[in-house]
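First comes the structure, then the notes that go with it.
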């Protein structure tokens, strides 16, 4: 399918409008700096891996080192399917998957499916909702919501709904679900500004899906508690003046989200020291949730998809790229290139993004491209300040080339919409129709 790139430019939102749109305000943890700053793109690099840099001819978020750093890795990277050396899809995928899994270093969890406890079951707005809980080998129990049409019979397609980051680490599954008419005020703001006021997991379930939404690593029920912190005596992550009491108070949530944003630096460094990565831990937890979804008797495990916005799009890129039980994947608001992160936008993103050394082997969109020829949709916003438009377009071109070379071009589609970082009504309709096309055949 042809990419529907709506190039008419709208007025870019101000910083305040943008932060409000993701309900993060001043606590947005991966916007330390002004995302509206103009970053000058370096000139095209000369051939070779180590171009000479002359003082003053190069600007980027890492100063005059940008062009040099951008030339360290040859393009396309060595395991890119776009390289002429790769002609056999199965041989390429085997090698590329093996290297990606090695570098992401996901922790090995118990091979058994966790025991799932149903804490509560009820009906709300035409849906049967189950409140679930399971225990992983580390941390507090994972809480999740399971949504499906009330009185549904037989097996239905399954969707793993992946919640966003949005600078709100106190919340997880509640960002994209609704189980009562009385939403928490912070979630009402987020859903209004980011999702057109829609709990999209609910709306998708109403279309005839079993939708599972779980709190992933460091969010919601899996968040780090102050009471568990020791050894930090100073700096923005010290907890001597903080308390886990009364956590639902909006003021306390704002304080927590700001603290958690700073704590990402510590968490990521510590995970590296443990021999794993943040993308690896998140992948492992998302795969356990996928195990649980696929094992349900009311789910057709041959027709399972996943999707999400922003941090949920990032999780989709890794999960759908590396776990091919996902038949249909939709990544929203998280697609660009390593070059974009390197030169322009690494400061706008969470540590959940980065797998050390992986750019030597695959460009960022090629993580999701590992799933070719399986159906894949990428939705982006033209005025999304988390990326630059030229590199979002380059990422789209890369994925399209991967699917074209694997003779699966009709199985990939992308759309660009006017506006800021969002997953609004129009985008949701396009996404849900794509799920219907491939999971209800």
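The values are calculated or read from the model by the stated rules, or taken from the named source; none is laboratory data. Since we're looking at a predicted model, the values are computed, not measured. Neighbour counts are summed over all protein chains in view; Cβ atoms, including those assigned to glycine, are modelled from backbone coordinates with ideal geometry.
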Flag for residue 362 being surrounded by 24 or more Cβ atoms within 10 Å (Cβ to Cβ), in contact with a helix residue (DSSP H, G or I) (Cβ under 8 Å, 6 or more places away or on another chain) and either without any contact (Cβ under 8 Å) to a residue 12 or more places away in the chain or under 20 Å from residue 282 (Cα atoms) (or both): yes
Picking from 103, 79, which residue would you name as being in a loop (DSSP other than H, G, I, E, B), touching a helix residue (DSSP H, G or I) at 6+ places or on another chain (Cβ under 7 Å) and at pLDDT 95 or above? 79
Out of all the residues in the range 235-248, is one or more surrounded by fewer than 18 Cβ atoms within 10 Å (Cβ to Cβ), touching a helix residue (DSSP H, G or I) at 6+ places or on another chain (Cβ under 7 Å), modelled with pLDDT of 95 or more and part of a helix (DSSP H, G or I)? no
Scan the range 92-107 for residues that are surrounded by fewer than 18 Cβ atoms within 10 Å (Cβ to Cβ) and without any contact (Cβ under 8 Å) to a residue 40 or more places away in the chain and jot them down. 94, 95, 98, 102
Given the structure, is residue 284 under 18 Å from the mean Cα position of the chain (by Cα) and either surrounded by fewer than 24 Cβ atoms within 10 Å (Cβ to Cβ) or within 25 Å of residue 110 (Cβ to Cβ) (or both)? yes
Given the condition out of contact with any strand residue (DSSP E or B) (no Cβ under 9 Å at 6 or more places or on another chain), under 17 Å from residue 268 (Cβ atoms) and in a loop (DSSP other than H, G, I, E, B), answer yes or no: does some residue in the range 388-395 qualify? no
Can you tell me which residue in the range 249-263 is nearest to residue 168 (Cα to Cα), limited to those that are in contact (Cβ under 8 Å) with a residue 60 or more places away in the chain and touching a helix residue (DSSP H, G or I) at 6+ places or on another chain (Cβ under 9 Å)? 257
Residues that are touching a residue at least 24 places away in the same chain (Cβ under 8 Å), surrounded by fewer than 19 Cβ atoms within 10 Å (Cβ to Cβ) and assigned to a helix (DSSP H, G or I), drawn from the range 410-436: 410, 411, 425, 430, 436
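Determine which member of the set 267, 335 is surrounded by 20 or more Cβ atoms within 10 Å (Cβ to Cβ), in contact with a helix residue (DSSP H, G or I) (Cβ under 9 Å, 6 or more places away or on another chain) and not in a strand (DSSP E or B). Outline the logic, then answer.
Values: 267 fails: surrounded by 20 or more Cβ atoms within 10 Å (Cβ to Cβ).
Result: 335 is the single residue among 267, 335 that is surrounded by 20 or more Cβ atoms within 10 Å (Cβ to Cβ), in contact with a helix residue (DSSP H, G or I) (Cβ under 9 Å, 6 or more places away or on another chain) and not in a strand (DSSP E or B).
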